[in-house]
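Every number here is computed from the coordinates shown, using simple stated rules; none is lab data. Bear in mind that the values here come from a model prediction, so they are computed numbers and not experimental data. Reconstructed Cβ throughout: ideal geometry from the backbone, glycine too, with neighbour counts over all protein chains shown.
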Amino acid sequence: MSRAYQIRVSESRVDTVHVEDGVCAPLELLDILPKEQMAELLAAELEKQGFEREGDIMRKVEDDVVIEVDLKEGTVAAKISVEKEVEVSATRTRLVEQESATAAKKRLEDTVQKALDKGVEAEKSKLSEEAADKLERQLVDVRAELDQVVNTVTAEALKAKAASMGEIEEITQDENGSMTIKVRV
Amino acid sequence: MGILKRTLALGVTKRLAHMGGWQKQKFKVGDRIVEGRTWERHPNLELRFSRFTMRLLRWMTASPMNNAECPVLKSTPNTIADHLMLYLSVDLLDRLNCGEITRQKASRSSPLIWLGFANLFVSQDEAESLDFGPWVEGQGAALIEALSEDLADRWRRMEWRKQRIFSGRQMRVLGGAQTATLAAFMDAAAKAGRYDLGYFLIEAAAAVLASAQDARQFAGRLESRGTMRERSEARRAAGAFLKSIQRLGRWAEDAATVRFFDDEYEGAQLFLSRFERISEKGMQHADRIIKNLEALDSAAIQDQPGEQA
């Protein structure tokens with residue numbers, strides 16, 4: 001009579017999971033002045049808000065979220081990149097007969113590997129959710145900040161445009177953001 | 001065969017008339033604007049069916065079209081009339097929830113099917129190589145004119161259904177299919193000078209914009225799961241139709257610059273009069289909705305009842 005054995009396979013794995021997430025949107029800046037001039041006004045205003053310039057890109061990092069404004073394309077991107085070391089483990093046991101012990105052990109090892117892969121995927125999923133939550137929390141504030149920047153740049157551009165048309169006599173701005181520029185042509 | 005010929009001749013013609021061909025409409029025929037029903041504007045319109053139509057009918061009668069074991073339809077349309085027959089078949093089978101017909105190569109490679117049923121395809125790959133050339137001239141254009149009312153109704157319903165879509169993936173696929181189909185169609189129409197073939201888009205857009213208060217109409221039920229990129233792309237895809245019709249606004253701007261002594265003056269004026277259904281106000285409304293859907297934080301906004309999205 002064949003003997004029964006209990007096979008137990010136990011493994012753990014340490015893996016590094018990396019997730020990235022990001023969104024992109026146009027800035028909706030009007031072409032009041034030539035593109036290059038609008039870009040320079042935008043760069044100047046963004047610098048005041050803590051952005052650093054690298055060629056045509058203005059960059060700022062807040063709470064792991066990288067905000068990039070492309071001065072040439074007139075777009076803004078918010079990105080997050082997170083890496084984490086995770087440890088997963090899995091154990092499987094099975095009762096097998098002596099004759100089939102070797103094959104059964106191989107199958108059990110494959111099952112454990114698949115369980116480890118699943119475990120790593122689950123950790124990656126969790127990290128991805130956390131990254132998305134972090135990015136989501138930042139986005140509303142970033143948008144509000146950039147809306148303010150766009151409004152300021154638009155006002156500056158209008159003043160520059162008016163100045164090029166003649167002599168500015170008066171500039172008034174109300175609390176709602178409406179601006180009136182009187183120009184003597 | 002005689003019975004089949006007679007059935008096709010009478011049945012397809014009658015169906016085409018019912019779907020909108022009976023209406024007295026103004027379209028460009030040659031260099032003139034002609035008003036009349038489809039057969040009055042195109043008295044020489046012929047519908048020639050090839051073997052494909054016979055194979056399609058055989059396949060429909062013999063195949064279980066509501067399950068995955070449905071055999072492959074090994075034929076593709078050869079004539080304009082074949083495409084029309086396929087269109088009528090997809091319409092019928094869609095109403096019966098028999099989706100297998102849109103998985104067939106015949107449907108996936110037919111520009112007319114994409115134009116009427118972009119929402120039924122699960123992948124937009126084939127939409128990117130659609131050739132609408134045959135559909136903006138001759139018999140193809142005549143059929144588009146006749147189906148104008150039906151197409152408007154389909155695109156209207158496609159947009160109204162978006163407010164029930166929960167899956168971000170489904171919205172991205174739909175938006176991609178809409179964008180690719182309308183881009184190919186409008187490119188071909190513009191190249192052929194047949195801006196009037198876009199009337200169905202004007203009608204659909206007018207109805208959609210009249211009933212849409214804000215972006216919630218298009219993306220209100222989208223899930224909050226997945227990466228921000230996926231959620232953002234889904235919301236952007238929800239605005240695909242509105243984004244495509246911005247091109248109609250540019251067509252209207254061009255039409256407004258056509259002078260009274262130019263050859264295209266009559267056609268331009270007709271387009272402008274039809275475009276009044278949307279008007280400048282409607283286009284601004286569309287722009288606001290698109291801006292909202294494409295905003296940096298669009299996927300982060302949690303809409304509450306009563307709040308503007």
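Checking A:3, A:13, A:8 one by one, the residue that is away from chain B (no Cβ under 14 Å), among the charged types (D, E, K, R), surrounded by 15 or more Cβ atoms within 10 Å (Cβ to Cβ) and at negative phi is A:13 and no other. Within region B:223-265, restricting attention to residues that are within 14 Å of another protein chain (Cβ to nearest Cβ) and not in a helix (DSSP H, G or I), the residue that is farthest from residue A:65 (Cα to Cα) is B:239. Among all residues of region A:48-68, there is at least one that is assigned to a strand (DSSP E or B), crowded, with 16+ Cβ neighbours inside 10 Å and touching a residue at least 60 places away in the same chain (Cβ under 8 Å).
The number of residues in region B:149-174 being of a type in the set (A, V, I, L, M, F, W, C) and in contact with an Asp or Glu (Cβ under 6 Å, 6 or more places away or on another chain) comes to 2. Taking helices (runs of 4 or more DSSP H) that do not extend beyond region B:7-115, which have at least 1 residues that are closer than 29 Å to residue B:244 by Cα, in contact with a Lys or Arg (Cβ under 6 Å, 6 or more places away or on another chain) and not aliphatic (A, V, I, L, M)? Answer list for region B:7-115: none.
To keep it simple, each residue is scored yes or no on (1) exposed (fewer than 14 other Cβ atoms within 10 Å of the Cβ); (2) touching an Asp or Glu at 6+ places or on another chain (Cβ under 7 Å); (3) closer than 16 Å to residue B:197 by Cα.
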{"site": "B:240", "(1), (2), (3)": "no, no, no"}
{"site": "B:253", "(1), (2), (3)": "yes, no, no"}
{"site": "B:266", "(1), (2), (3)": "no, no, yes"}
{"site": "B:274", "(1), (2), (3)": "no, no, yes"}
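Of all the listed residues (B:235, B:274), the sole one being farther than 30 Å from residue A:79 by Cβ and within 23 Å of the chain's Cα centre (by Cα) is B:274. Pairs linking a residue in region B:20-33 that is under 16 Å from residue B:150 (Cα atoms) to a residue that is outside any strand (DSSP E or B) and β-branched (Val, Ile, Thr), with Cβ atoms under 7 Å and 6 or more positions apart or on different chains, are B:21/B:38.
Only residues that are farther than 17 Å from residue B:297 by Cβ and without any contact (Cβ under 8 Å) to a residue 24 or more places away in the chain: list them for region B:215-251, please. Listed by number, the list holds a single entry, B:250. Those residues that are more than 14 Å from chain B (Cβ to nearest Cβ), of a type outside the set (A, V, I, L, M, F, W, C) and either under 30 Å from residue A:130 (Cβ atoms) or without any contact (Cβ under 8 Å) to a residue 60 or more places away in the chain (or both), I need them from region A:74-96; list them, please. A:83, A:84, A:85, A:87, A:89, A:91, A:92 - these are the residues of region A:74-96 that are more than 14 Å from chain B (Cβ to nearest Cβ), of a type outside the set (A, V, I, L, M, F, W, C) and either under 30 Å from residue A:130 (Cβ atoms) or without any contact (Cβ under 8 Å) to a residue 60 or more places away in the chain (or both). Just one of the numbered conditions (1) in contact (Cβ under 8 Å) with a residue 60 or more places away in the chain; (2) on the phi > 0 side of the Ramachandran plot is not true of residue A:99: (2). Residues that are within 14 Å of chain B (Cβ to nearest Cβ) and within 17 Å of residue A:145 (Cα to Cα) were ranked within region A:20-59; the one that is farthest from the chain's Cα centre (by Cα) is A:29.
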